[in-house]
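Values in this text are rule-based calculations from the coordinates and carry no lab data. What you see is a predicted model; the values in this text were computed from it and never measured. Backbone-built Cβ (ideal geometry, glycine too); neighbour counts: all protein chains shown.
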Amino acid sequence: MPEVKRYPNRLGIKGWFGGGRWGVERYLYTLHRLTGLGLLTYFLMHIVVTSRRALGAESWTAAMATVGAPIFKVGEYLVFVAFAFHAFNGLRLVLVELGVLTGRPEEPVYPYESSLDVQRPFMVVMMIAAAVVMLLGGYEFFFMAH
Amino acid sequence: MSMRDTPLWTWHVIAGLIILVLLGLHMGIMHLSGVLHFDAMSPAGDSPVDWANVAYRAKMIFFTLSYIVLLGAGLFHGLYGLKNILFELGPPAGLRSAISALLLLLGVGLFALGTWAAFTARTVALAASSM
């Protein structure tokens, strides 16, 4: 199998934070990666902590008492926020990848049509949906007693 | 990304869609049950993480199996995503192999731990309810 020619990644991680002439989607790309890394870090710890349920009620209750402090509640809400963003932005990315939101290729005849005409309104809808879920979660996290 | 990575990327996307559904359900039960009045999966009241509610769900085979599917999809999606990010930084071939091996080992190890926990918790919950 032929090896793909690799070009040096001159900007490295710095390239995540400079959108240049790219649009808002470039910053969503950065946020998608940052939230993904945050969610992965939490997920790996979550697997270990929740495995305590296999050791029975006492072990589980002790584990939940350890992570029940207010600081953990705020941290858990941040994970929830990251989940809401990553999920809705990820759905947008899948639909773009599958070509659903990019439309069919057409001749460049004036007035030009851009895939952004479909993709960007959908992006706005997804971000509003993510914000609604974040607000609902925030209400449950901080204003409803559990 | 090489041509060899194309099937892995497809699985990355499929895993993302599986996570969207199953993690959405998990978040609905754990963090939105109050506002959505979706508390059927926490019949003991109080918090969804109280042992009585955890044991109630652990006894249901649907939750055992969906937890394992979510675990596998989450580990693959997350660790493959991390691998792509690290590879973009252009590590030498030796380091790339080491990263791949380490992430594979981590994924398999945590999958084994999580699967063991899901089945053992089910056994513990069923044994407690039959007493």
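Points to keep in mind about this one:
- Once the stretch A:91-120 is narrowed to residues that are farther than 23 Å from B:H77 by Cβ and charged (D, E, K, R), the residue that is farthest from the chain's Cα centre (by Cα) is A:E107.
- Sub-8 Å Cβ pairs linking a first residue in the stretch A:31-44 that is within 9 Å of chain B (Cβ to nearest Cβ) and touching a residue at least 24 places away in the same chain (Cβ under 8 Å) to a second residue that is of a type outside the set (A, V, I, L, M) and part of a helix (DSSP H, G or I), at least 6 apart or interchain, are A:G36/A:H86; A:G36/B:G78; A:G36/B:G81; A:L39/A:F83; A:L39/A:H86; A:L39/B:G78, ordered by first then second residue.
- All positions within the stretch B:72-96 that are within 16 Å of B:I14 (Cβ to Cβ) and within 7 Å of chain A (Cβ to nearest Cβ): B:G74, B:G78, B:G81
- The listed residues are B:V54, B:V35, and the only one of them that is in a helix (DSSP H, G or I), within 11 Å of chain A (Cβ to nearest Cβ), β-branched (V, I, T) and closer than 24 Å to A:G137 by Cβ turns out to be B:V54.
- Restricting the stretch A:95-119 to residues that are outside any helix (DSSP H, G or I) and hydrophobic (A, V, I, L, M, F, W, C), the residue that is farthest from B:L17 (Cα to Cα): A:V109
- Residue pairs whose Cβ atoms lie under 6 Å apart, separated by 6 or more positions or on different chains, with the first residue in the stretch A:67-79 and over 17 Å from A:M144 (Cβ atoms) and the second in a helix (DSSP H, G or I) and of a type in the set (S, T, Y), are A:V79/A:Y42.
- Members of the stretch B:57-71 found to be under 21 Å from A:S59 (Cα atoms) and either within 11 Å of another protein chain (Cβ to nearest Cβ) or in contact with a strand residue (DSSP E or B) (Cβ under 9 Å, 6 or more places away or on another chain) (or both), listed by number: B:R57, B:A58, B:Y67
- Test: B:G94 is surrounded by fewer than 19 Cβ atoms within 10 Å (Cβ to Cβ) and part of a helix (DSSP H, G or I): yes
- When each of B:V13, B:V35 is tested for being out of contact with any strand residue (DSSP E or B) (no Cβ under 9 Å at 6 or more places or on another chain), without any contact (Cβ under 8 Å) to a residue 40 or more places away in the chain and closer than 22 Å to A:H32 by Cα, the lone residue that passes is B:V13.
- When the criteria are applied in full, A:T61 meets the requirement of being hydroxyl-bearing (S, T, Y), within 11 Å of chain B (Cβ to nearest Cβ) and in contact with an Asp or Glu (Cβ under 9 Å, 6 or more places away or on another chain).
- Among the residues of the stretch A:126-138, some residue qualifies, meaning at least one is in contact (Cβ under 8 Å) with a residue 12 or more places away in the chain and more than 15 Å from the chain's Cα centre (by Cα).
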